[in-house]
Amino acid sequence: MTLRYQTLPVTPFQQNCSLLWCDETNEAALIDPGGELPRLLAAVAERGLTLKAIWLTHAHIDHAGGAGQLAREHSLPIVGPHPGDQFWIDGLPQQSAMFGFPAAEGFKPTRWLADGDTVTLGRETLQVRHCPGHTPGHVVFHAPQIQRCFVGDVLFAGSIGRTDFPGGDHATLIASITQRLWPMGDETVFIPGHGPESSFGRERRSNPHVLGT
């Protein structure tokens, strides 16, 4: 097993930024660097890793607020999300003001993602699934080789993503969970955008929002 990760909660929203790396090459990516960039970069340095990319599940401020600055200062590509989140990226400065975050830099993703795409890190490949509902352009990163999925704000331990923001839709979110996540298998552990890890099987059995799906 050469793919490893560390969860680093950042911002006042305690958003789970994930530091993901390939053990064989020490190449790393940060998934959803919402803020606290010095702390994230310290974690990269502490493990002797080489940061190669920023991956975004979606463009809400607590997930994408640090992406523009990090990309500019370290010449990193921003990969994701899906183009459906363009309007959220355009609105990052307004989002930062609204929620009291440091001013967020705008950016243009180096590469948009679509359902069925793959992303690579060192010698490892992850699968991309488009999972709209929380935001129109939300994607998740599935690493079947370690039975993990980085799901952003689609699903949480005991809950699901909010759908009352612009572009959100409850029926679409439930369809994303049942049609995109559940087929990954009950044993797959997911890393949500907030809170503790869980497994798809546990949520299918106990999460009141998706019981019976």
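What follows draws every value from the coordinates through simple rules; no lab data is involved. Note that this is a predicted model, so its numbers are computed, not measured. Neighbour counts run over all protein chains shown; Cβ positions are idealised from the backbone, glycine included.
Quick check: the distance between the Cα centres of region 1-73 and region 117-173, to the nearest angstrom?
If we compute the Cα centre of each part, the gap is 16 Å.
Bins of 10 Å, beginning at zero and ending with the bin holding the largest distance: percent of Cα pairs per bin for region 3-206, please.
9, 39, 39, 12, 0
Do any GluC sites (Glu not before Pro) in region 145-213 lie in a DSSP loop with no more than 11 other beta carbon atoms within 10 Å, and if so, which?
187
What are the DSSP H helices in the chain that stretch 20 Å or more along their long axis, judged by alpha-carbon atoms, and whose average Kyte-Doolittle hydropathy comes to at least -0.5?
Numbers: long enough: none.
What comes out of the filter, once short or polar helices are dropped, is none.
What do you get for GluC sites (Glu not before Pro) in region 1-91 restricted to DSSP loop and a cutoff of at most 15 other Cβ within 10 Å of the site's Cβ? Write down the numbers at each step before the final one.
Working: sites: 24, 27, 36, 46, 73; in loops: 24, 36.
Here the sparse-neighbourhood loop sites are 24.
Going by C-beta contacts inside 10 Å, put 164, 169 in order with the fewest on the left.
Working: 164 7, 169 16.
So the residues, fewest neighbours to most, are 164, 169.
Rounded to the nearest 20 debye, what is the charge dipole size of the chain about its Cα centre when +1 sits on each Lys and Arg Cβ and -1 on each Asp and Glu Cβ? Working shown, then result.
On the way: 15 positive and 21 negative charges, 38 e Å.
Magnitude of the dipole: close to 180 debye.
Sorting 58, 74, 209, 138 on the 10 Å Cβ count, fewest up front, what's the list?
Numbers: 58 29, 74 13, 209 16, 138 34.
Result, fewest neighbours first: 74, 209, 58, 138.
Counting only DSSP beta bridges with both residues in the chain, tell me the antiparallel percent, nearest 5. If you can, show how the numbers build up before the last one.
Details: 28 of 40 bridges.
Here the antiparallel bridges make up roughly 70 percent for the chain.
Add +1 for every Lys or Arg and -1 for every Asp or Glu among the other residues with Cβ under 11 Å from the Cβ of residue 58, and state the total. Provide the component values of the computation, followed by the final result.
Numbers: positive: none; negative: 32, 62, 85, 153.
Net of charged neighbours comes to -4.
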